[in-house]
Amino acid sequence: MKVGDLRERLAAAMASAMRRSEPEAVALTADRAKAMAVAMAGMDPWAEVDPEALVVGTRQVGIILGFHPEHVRRLIRTGRLRAAIVGGDYRVLLSDLWPLLEVRYRPPGRRRLQVRRPG
């Protein structure tokens, strides 16, 4: 899929979400669109991209989640967020961020994520 087409789909998803009556649905859609936009920042609109293979560094994860990059590294080191080391920095699959975004909009109660073991 081309980056420009994916950006158009994200805009359409946001427009659709804003017509819904559930504020949580709007917020979650906005968070996911933001995450994908951050991952595609600086990419040529004609470049091919696989949305399932988008990766981001710790700084970008911090921007997406609203965390300091060191907190992101702590999440990785404790196993709460899966990552790979590339060029001296962690790289996180964008799809691995979805549970961290979704936990924000769950009903009150136990919101903590379970530790994910590599494998």
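The values are calculated or read from the model by the stated rules, or taken from the named source; none is laboratory data. Because the structure is a prediction, the values reported are computed rather than measured. For neighbour counting, all protein chains shown are included, and Cβ atoms are generated from backbone atoms with ideal geometry for every residue, glycine included.
Inspect all residues belonging to the range 68-79 and state whether any of them is under 19 Å from R104 (Cβ atoms), modelled with pLDDT under 95, of a type in the set (V, I, T) and assigned to a helix (DSSP H, G or I).
No, the range 68-79 contains no residue that is under 19 Å from R104 (Cβ atoms), modelled with pLDDT under 95, of a type in the set (V, I, T) and assigned to a helix (DSSP H, G or I).
Can you tell which of V61, V26 is at pLDDT 95 or above and either outside any helix (DSSP H, G or I) or of a type in the set (V, I, T) (or both)?
V61
Kindly list the number of the only condition in (1) in contact (Cβ under 8 Å) with a residue 24 or more places away in the chain; (2) part of a loop (DSSP other than H, G, I, E, B); (3) at negative phi that fails for R19.
(1)
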